[in-house]
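The values are calculated or read from the model by the stated rules, or taken from the named source; none is laboratory data. Being a predicted model, the structure only gives us computed values, none of them experimental. Glycine gets a Cβ as well: all are built from the backbone with ideal geometry, and neighbour counts include every protein chain shown.
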Amino acid sequence: MEYRYDLKEGTLILKDYKKGLEVASYEGEDIYLTVPEKVCVEKGAEGDGERCAEKPIISIGKKAMLSCKSLRRVTLPGTIEEVGDWAFAYCDALREVSLPEKEIRFGKGIFRECKKVKSVTVQGKHRDIGALLAAAVTLLDTPYLFTPLRCGDEDWLRQWDARMLQLLRAADKDGYSKMVLCGEEDYGSKENNLDYFLNQKRKSKVRIAFMRLLHPLGLREEVQRELEAYLLEHTAGGVQRALSVEEENTGAWDETWQVLLSEHGEDSEYYKLFTQIGCLREDNFDRILSETGENCPEMKAWFLKYKEETIGYTDFFDALDLD
């Protein structure tokens, strides 16, 4: 039997499932969606007494919220036991998910192409765990680490870092030949260009390094140094690697700055980490300040302050000149 449960800007379509209810689909434009623990459903016409009974919502069905473009935050109830295949896939705006601390059976690709998911919080867990749990599926492609009950314990963190280092240390060309031979991208497209492929691969590694350094729960000192070295090495003008003129002109090996500017120009924790580990230097300051432009004024102000205090004197008003 099918039931409808009205939310603020939408409706959950429910159906009987095992000893409770399953969310079969969703209709609407809710931005913040909280799935209730229980819903009152009609018993039917037979019998006397109450015609309404409460049933727990225990499952989010397969493709239940596929491509819900408005969703930014979803909270699942303590009664939830299962989340089906592709339940939240292609929810482009989804950023936050809240889960109960319990064993939940997850299907395949539940957050496929949900690239903006930055936090999957679990009640009672350290704030860093929310980011690491989200990254387990968005950056590391490790569904076996998506476990609300185990996340954050010592063994879980060890496995998380082991997978991160495996990706970080892999050759940048890994996967390119397979992609070309299997025709995964159109022939002649930019995705088939080796330089483009390598740049995208290094960007993905930069994202992982940034994220782990900003959420350092249980991070070993030697791993921290390796992550910082990777970000330095992939900043043009850094101490780890001198660039040729050709590389400077094409933006090669500058993925740390590329990711920061295009994805995190308004995130103070990112640009402060960028300066903290030494990516902003005297030999790249002018170029980076120029490329910052006027779209990220707070980051630009921070860079100017950092140069004055750490690198050397600069005329604040001259640096702000738009010409």
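Output the residues belonging to the range 219-238 that are surrounded by 18 or more Cβ atoms within 10 Å (Cβ to Cβ) and either aromatic (Phe, Trp, Tyr) or outside any helix (DSSP H, G or I) (or both).
Once the filter is applied, which keeps residues that are surrounded by 18 or more Cβ atoms within 10 Å (Cβ to Cβ) and either aromatic (Phe, Trp, Tyr) or outside any helix (DSSP H, G or I) (or both), the range 219-238 yields Tyr230, His234, Thr235, Ala236, Gly237, Gly238.
Looking at the range 90-113, which of its residues are in contact with a Lys or Arg (Cβ under 9 Å, 6 or more places away or on another chain) and either crowded, with 20+ Cβ neighbours inside 10 Å or in a helix (DSSP H, G or I) (or both)?
Residues satisfying the conditions are Cys91, Leu94, Val97.
Restricting attention to the range 135-157, which residues are over 26 Å from Lys116 (Cβ atoms) and either without any contact (Cβ under 8 Å) to a residue 60 or more places away in the chain or surrounded by 12 or more Cβ atoms within 10 Å (Cβ to Cβ) (or both)?
Hits for the range 135-157 are Asp153, Asp155.
Select from the range 263-291 the residues that are hydroxyl-bearing (Ser, Thr, Tyr) and at pLDDT 95 or above and write down the one among them that is nearest to Phe210 (Cα to Cα).
Going through the qualifying residues, I end up with Tyr270.
Can you pull out every residue in the range 149-166 that is among the hydrophobic types (A, V, I, L, M, F, W, C) and either over 14 Å from Phe106 (Cα atoms) or at pLDDT 95 or above (or both)?
The answer is Cys151, Trp156, Leu157, Trp160, Ala162, Met164, Leu165.
Checking the condition touching a strand residue (DSSP E or B) at 6+ places or on another chain (Cβ under 7 Å), touching a residue at least 60 places away in the same chain (Cβ under 8 Å) and not in a loop (DSSP other than H, G, I, E, B), which residue from Ile58, Ile129 passes?
Exactly one residue qualifies, and that residue is Ile129.
Search the range 251-303 for residues being over 26 Å from the mean Cα position of the chain (by Cα), in a helix (DSSP H, G or I) and in contact (Cβ under 8 Å) with a residue 24 or more places away in the chain, and hand back the single one that is surrounded by the fewest Cβ atoms within 10 Å (Cβ to Cβ).
Checked the range 251-303; the qualifying residue surrounded by the fewest Cβ atoms within 10 Å (Cβ to Cβ) is Arg287.
Could you tell me which residue of the range 171-188 is modelled with the highest pLDDT, considering only residues that are among the aliphatic types (A, V, I, L, M) and exposed (fewer than 13 other Cβ atoms within 10 Å of the Cβ)?
Ala171
State whether one or more residues within the range 130-148 are at pLDDT below 95, at positive phi and out of contact with any Gly (no Cβ under 8 Å at 6 or more places or on another chain).
yes
Which residues, counting only those in the range 15-57, are among the small types (Gly, Ala, Ser) and modelled with pLDDT of 90 or more?
Gly20, Ala24, Ser25, Gly28
When you go through (1) in a strand (DSSP E or B); (2) touching a strand residue (DSSP E or B) at 6+ places or on another chain (Cβ under 7 Å) one by one for Asp16, which number turns out not to apply?
Going through (1) in a strand (DSSP E or B); (2) touching a strand residue (DSSP E or B) at 6+ places or on another chain (Cβ under 7 Å) one by one, Asp16 breaks only (2).
Output the number of the condition that Val74 fails; it satisfies all remaining conditions of (1) over 25 Å from His126 (Cβ atoms); (2) assigned to a strand (DSSP E or B); (3) at pLDDT 95 or above.
Result: Val74 passes all but (1).
Given the condition closer than 20 Å to Phe146 by Cβ, part of a loop (DSSP other than H, G, I, E, B) and either among the basic types (Lys, Arg) or in contact (Cβ under 8 Å) with a residue 12 or more places away in the chain (or both), answer yes or no: does some residue in the range 34-48 qualify?
Checked against the condition, which is being closer than 20 Å to Phe146 by Cβ, part of a loop (DSSP other than H, G, I, E, B) and either among the basic types (Lys, Arg) or in contact (Cβ under 8 Å) with a residue 12 or more places away in the chain (or both), the range 34-48 yields at least one hit.
Could you check Asn249 against (1) in contact with a Lys or Arg (Cβ under 8 Å, 6 or more places away or on another chain); (2) at pLDDT below 95 and say which number it fails?
Against the list (1) in contact with a Lys or Arg (Cβ under 8 Å, 6 or more places away or on another chain); (2) at pLDDT below 95, Asn249 comes up short only on (1).
Got a number for residues in the range 189-203 being modelled with pLDDT of 75 or more, surrounded by 12 or more Cβ atoms within 10 Å (Cβ to Cβ) and of a type in the set (D, E, K, R)?
Total satisfying the criteria: 3.
Which one is nearest to the chain's Cα centre (by Cα), of the residues in the range 94-126 that are within 18 Å of Tyr32 (Cα to Cα) and in contact (Cβ under 8 Å) with a residue 40 or more places away in the chain?
Across the range 94-126, the extreme among qualifying residues is Leu99.
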